[in-house]
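Peer 1: One structure coming up, written as structure tokens, with questions to follow.
The values are calculated or read from the model by the stated rules, or taken from the named source; none is laboratory data. What you see is a predicted model, and the numbers here were worked out from it, not measured in a lab. Positions of Cβ are backbone-derived with ideal geometry, glycine not excepted, and every protein chain shown enters the neighbour counts.
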Amino acid sequence: MSLGRGMTSGTIGGRGWAQRFIAFLFDSLQGRFVLAMLGGLVLVQLLINLLWYKQLEQRTTRQTELAAHFVASGALGALRALRELPATYRPLLIEQLRTMGGTRFLVFFNNAEVAVQPLPDQALARLLESRVRQELLGQLPPGAKLRVTLASPVGLKVAPSGALLADLPDSWVDPSLLDLDRPAPFLVIQAETEPGQWMYLSSAMPDPYFLEQLEFFTWQRMAPQLLTLGLALLMTLITARALTSPLRGLSRAAAKVGRRANPKPLTVTGTAEVRRAIEAFNEMQERIRRYLSDRERLFASISHDLRTPITRLRLRSELLDDLAVQDEFHEDLDELDMMVKTALQIVKDTDIHENRVPVRIDLVLQKMVRDARMAGQQIDLVEQPLTVFGKPLALKRALGNLIDNAMFYGANADQHRAELLMSEGKIGSPEEGLVLLTVRDFGPGVPDSALAKLGQPYTRLAHGAKMREEGLGLGLSIVRDIVADHGGALRFSNHPQGGFEVRVALPRYPSQAASPLTTQ
């Protein structure tokens, strides 16, 4: 069983690595820059190599035609000289030529044609054979039988009896041409001089390795190009990383906007365009900081200024003789006081000043569910040991608001319960690395047209307003701000089987095993 789990994990990890690599190439600025540079360089190299290869092919073809003419002329002279001699003198002349080295051809007379295997898949070899055959047939008598073959010397037969070229004395054949690692091709010409009499001429070409000139994929040719591509890739990666490094810092800082009271300005580096973007971001960040500071001072001043007249009015209402009017005054003053406290709460409570620590969300939920069940509420919890990094009190407040809403607004005549489900984002999915929490109630749900408005301050639906008149519609907005402050996301939807659900996604803490855990 453990082996199977290991194999599955390795397979998933491989898929995740491949997806990250593809995303790097096609979705990141650095990857696209590398693709553009290398793609252009590879295209240029292919075009240059194609042009070079065509020129080399034309030059090699001309050289092959000249070599064919040269070899055909020599072979034709040997054919004429030997055919004019009486048959009894031919062996003597051949022996003398072998001893004195008077000809570049190795000559035999056989009583039958020798089967010779041509070099396979060689266009230049076929061109050479064709040109030599044409020149010889043009000078030989009509109807003469002629065989021209370019073959490998390895296993080359020189007689019908099966004698091989390699078995001949070294004085007849240069041993270097028979090297097994690099054998030079031999041109074999067989012509029938008389019925039942075949003259066998074999010789290496003037340039015995001419066929190698058109071998494109050789190490000597590909190594410099691969080295060039490798160096270009390295330089492109370094350049792309240097160009995109300020952008990565800008994106990280943008993700933290609003989470710090006094954010540090970014260092202005990079190209002119990037520097202008960083300067504009620093200015925007400073304006946001001033705005938040001014907002807090404004609301503190409003709170201070309003509490005094509210208290004064409350004291004066005590002097009223009509108790009914006095109760109406008290009700209006209580509502005004609640509005002031709520306004301050939405400014301050979503930014609770506390340190961020690893928080075991499952332990927090267990404690909250236990307290709710002691109060008589029915809550189902499916948890996993998952950890996030954040503010414990703020997270507890957000989760508490979701549970309270589910228990109060999600109740109907049949069911008065809520369901909490914890899970972890699947590897390879957009939710990978996230802790997912779903809070579902079993109430009437929310109209689809109203889903987009949820989470905005002072938003109340008809169902909730009917059940609780004194509410102000700030609970979900506080949850939204707290979740956003932790780098998470909030999604509202109606459950297919009825009821309303809120899905919270928070970044998972990467090293929960080695860090202290907080439950609060």
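Peer 1: Would you mind stating whether D441 is surrounded by 21 or more Cβ atoms within 10 Å (Cβ to Cβ), acidic (D, E) and over 30 Å from A23 (Cβ atoms)? Break it down into steps so the answer makes sense when it comes.
Peer 2: Values: surrounded by 21 or more Cβ atoms within 10 Å (Cβ to Cβ): yes; acidic (D, E): yes; over 30 Å from A23 (Cβ atoms): yes.
Considered against the rule, which asks whether it is surrounded by 21 or more Cβ atoms within 10 Å (Cβ to Cβ), acidic (D, E) and over 30 Å from A23 (Cβ atoms), D441 comes out as yes.
Residue by residue, here is whether (1) among the aliphatic types (A, V, I, L, M); (2) in contact with a helix residue (DSSP H, G or I) (Cβ under 6 Å, 6 or more places away or on another chain); (3) modelled with pLDDT of 80 or more holds:
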| position | (1), (2), (3) |
| --- | --- |
| L421 | yes, no, yes |
| K426 | no, no, yes |
| S429 | no, no, yes |
| G433 | no, no, yes |
| L436 | yes, no, yes |
| F442 | no, no, yes |
| K453 | no, no, no |
| P457 | no, yes, no |
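Peer 1: Determine which member of the set R397, R360, R356 is modelled with pLDDT of 90 or more, basic (K, R) and either under 41 Å from the mean Cα position of the chain (by Cα) or surrounded by 18 or more Cβ atoms within 10 Å (Cβ to Cβ) (or both).
Peer 2: Unique residue meeting the criteria: R360.
Peer 1: Quick one: is F299 hydrophobic (A, V, I, L, M, F, W, C) and at pLDDT below 75?
Peer 2: Values: hydrophobic (A, V, I, L, M, F, W, C): yes; at pLDDT below 75: yes.
Answer is yes for this residue.
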